[in-house]
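*Asks:* Just dropping this structure here.
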């Protein structure tokens, strides 16, 4: 059995990893799309020569598709990883006989990625793939649904992050 001090340090570290992973994913997901335009406006001659055979604007569409696919992979992988991290923190907390507030916060925090992994992320991926190569002017009808799911993901993830940060500060200060 784990020693209580080690178990507590482990769960605090895992929560830090969970929160850091979330913040890194926010950065990577937004930066993937920004990089498309940065690369296309870069002075790399050989890169631009290889793009010349493509019709105007097609390089951006292809690179944005790649960015989308990378984000889909990252969000799916991170979604399932969060369930493992959160589950480990819950088990450690249960073993440490954490109070009901701690277990409630962790349980709520764990349920949010369950919703994201099982419902929101697959829906975003499905709708995103439907509109990947459709012109955006005028916006295709699926875009409204896509942005509602995107907002649901963002708000849910922000709530999860806030709960985790609160738990980390509450638990870390309580044990100090």
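*Asks:* Of the residues 50, 100, 129, which exhibits the maximal mean-square fluctuation in a Gaussian network model of the chain defined by a 10 Å Cα contact cut-off?
*Replies:* Top of the fluctuation ranking is 50.
*Asks:* Kindly rank 68-74, 140-146 from highest to lowest mean number of other beta carbons found within 10 Å of each residue.
*Replies:* For the peptides 68-74, 140-146, the packing ranking is 68-74, 140-146.
*Asks:* With the contact rule set at Cα under 8 Å and sequence spacing of 6 or more, what percent relative contact order holds for the chain?
*Replies:* Worked out over the chain, it gives 30 percent.
*Asks:* If I build a Gaussian network model for the chain, linking alpha-carbon pairs within less than 10 angstrom, which residue out of 123, 42, 81 has the largest mean-square fluctuation?
*Replies:* Highest fluctuation among the options: 42.
*Asks:* Helix 121-131 against the longest principal axis of the chain: what's the angle in degrees, Cα atoms only, rounded to the nearest 10?
*Replies:* 0
*Asks:* In a Gaussian network model over the chain where Cα atoms closer than 10 Å are linked, find which of 17, 88, 56 has the largest mean-square fluctuation.
*Replies:* 56
*Asks:* When 80, 167, 110 are ordered from fewest to most other Cβ atoms inside 10 Å of their Cβ, what list results?
*Replies:* 80, 110, 167
*Asks:* Give the label of the value calculated from the structure for Cα extents along the principal axes in Å, choosing from [x] 51, 36, 35; [y] 64, 37, 24; [z] 66, 33, 26.
*Replies:* Given [x] 51, 36, 35; [y] 64, 37, 24; [z] 66, 33, 26, the structure-derived one carries the label [y].
*Asks:* Quick check on the chain: helices-only [θ] at 222 nm, where DSSP H runs of length 4 and up contribute -39,500 (n - 2.57) each and the sum goes over total residues. Nearest 500, please.
*Replies:* Theoretical 222 nm ellipticity from helices: -28500 deg cm²/dmol.
*Asks:* Next question. Could you tell me how many degrees, from 0 to 90 and to the nearest 10, lie between the Cα long axis of helix 4-40 and the main elongation axis, the longest principal axis, of the Cα atoms of the chain?
*Replies:* 10
*Asks:* Taking a ≥ b ≥ c as the square roots of the Cα gyration tensor eigenvalues, with a/c under 1.5 meaning rounded and otherwise prolate when a/b beats b/c, else oblate, which class fits segment 118-176?
*Replies:* prolate
*Asks:* For the Cα atoms of the chain, what angle does the longest principal axis make with the long axis of helix 142-175, in degrees from 0 to 90, nearest 10?
*Replies:* It is inclined by approximately 30 degrees.
*Asks:* Arrange the following residues from fewest to most other Cβ atoms within 10 Å of their Cβ: 28, 163.
*Replies:* So the residues, fewest neighbours to most, are 28, 163.
FYI, it's all coordinate maths here, none of it is from the lab. Just so you know, these numbers come straight off a predicted model, no measurement behind them. Note: ideal-geometry Cβ built from the backbone for every residue, glycine included; neighbour counts use all protein chains shown.
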